Amino acid sequence: MIKKTIVEKALIRILYSKLGKVVNNWFRRRRNKKLLEELPFLRPLNWDGSVDTSYDYTWTHLDNFPRGWHKLIVKYLREVKTVLVRYGQLNKLIIVESKEKWGEARIYYSGLDNSDCYDEIDEIFNRMSAESGKTCCVCGRKAEYQTLGWILPFCGKCIKRTSGRNCKIEN
């Protein structure tokens with residue numbers, strides 16, 4: 001067996017680290033292209049609402065949320081798409097901001113012409129926010145605990161990996 005020097009070991013670690021990032025970005029781009037075919041309004045836009053010509057599919061609005069909420073959010077975004085198609089507003093929805101706030105998923109949007117469409121989408125996003133606050137942000141299971149300070153919901157298994165104070169969620 002050939003003994004590797006410390007420098008050789010460090011170079012191998014760096015190579016694997018860089019290779020891992022390349023592979024991870026390739027999978028992320030592939031996932032995002034597929035996601036944007038189904039839900040085109042997740043594509044990030046410039047401040048003036050125009051499409052960025054240098055967009056490389058490494059990021060969508062879904063990436064602003066913890067991984068454990070992704071399935072939940074996509075489920076509600078599919079409902080939003082159904083409403084948009086019904087009102088003929090699919091290409092008009094602009095997601096202005098997407099974020100976690102007070103332990104819930106929030107999506108702020110604009111660009112629609114129809115107030116009935118706005119009302120239905122508001123109702124869908126309100127349900128999404130409420131359900132995300134009861135869903136573990138790491139794994140997607142039902143949340144049992146909530147951290148104090150920076151508020152995030154966790155299941156009993158994932159809360160053990162967090163440091164700091166937490167409390168039991170009252171249902």
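The values are calculated or read from the model by the stated rules, or taken from the named source; none is laboratory data. Because the structure is a prediction, the values reported are computed rather than measured. Counting neighbours? That spans all protein chains shown, and the Cβs are built from the backbone with ideal geometry, glycine included. Keep in mind that these areas ignore ligands, DNA and RNA; they rest on the heavy atoms of the full protein, side chains included. Shrake-Rupley method; radii C 1.70, N 1.55, O 1.52, S 1.80 Å.
Below 14 Å, Cα to Cα, which aspartates and glutamates can LYS160 reach? Residues fewer than 8 away in the same chain don't count.
Correct list for LYS160: GLU144.
Which of the chymotrypsin sites (Phe, Trp or Tyr not before Pro) across the stretch 71-139 are loop residues per DSSP, with 14 or fewer other Cβ within 10 Å?
Numbers: sites: TYR76, TYR87, TRP102, TYR108, TYR109, TYR118, PHE125; in loops: TRP102.
Passing both the DSSP loop test and the Cβ count: TRP102.
Give a quick list of trypsin sites (Lys or Arg not before Pro) in the stretch 63-167 that DSSP marks as loop, anything other than H, G, I, E or B, with at most 12 other Cβ atoms within 10 Å.
Working: sites: ARG67, LYS71, LYS75, ARG78, LYS81, ARG86, LYS92, LYS99, LYS101, ARG106, ARG127, LYS134, ARG141, LYS142, LYS157, LYS160, ARG161, ARG165; in loops: LYS92, LYS134, ARG141, LYS157, ARG165.
Here the sparse-neighbourhood loop sites are LYS157, ARG165.
In the stretch 59-136, what is the count of Lys pairs whose alpha carbons are under 21 Å apart, counting only pairs at least 8 residues apart or on separate chains?
Lysine pair count for the stretch 59-136: 12.
If the cut-off is 19 Å between C-alpha atoms, which aspartates and glutamates fall inside it for LYS34, apart from same-chain ones fewer than 8 positions away?
Result set, ordered by chain and number: ASP52, ASP56, ASP63, GLU79.
Local charge sum around VAL80 (other residues, Cβ-Cβ under 13 Å, Lys/Arg +1, Asp/Glu -1)?
Numbers: positive: LYS75, ARG78, LYS81, ARG86, LYS92, ARG127; negative: GLU38, GLU79, ASP119, GLU120, ASP122, GLU123.
After counting each charged neighbour, the total is 0.
Which whole-number percent is the relative contact order of the stretch 87-156 (Cα, under 8 Å, 6+ apart)? Before the final figure, lay out the partial values.
On the way: 97 pairs, mean separation 17.7, N = 70.
Reported relative contact order: 25 percent.
At 1.4 Å probe size, with no ligands or nucleic acids counted, give the accessible surface of CYS117 in Å², nearest ten.
0 Å²
Which net charge results for the neighbourhood of ALA105, defined as the other residues with beta-carbon distances under 13 angstrom from its beta-carbon, given Lys and Arg at +1 and Asp and Glu at -1? Walk me through the intermediate numbers first.
Numbers: positive: ARG67, LYS71, LYS75, LYS99, LYS101, ARG106, ARG127, LYS134; negative: ASP63, GLU97, GLU100, GLU104, GLU131.
Summing Lys/Arg as +1 and Asp/Glu as -1 gives +3.
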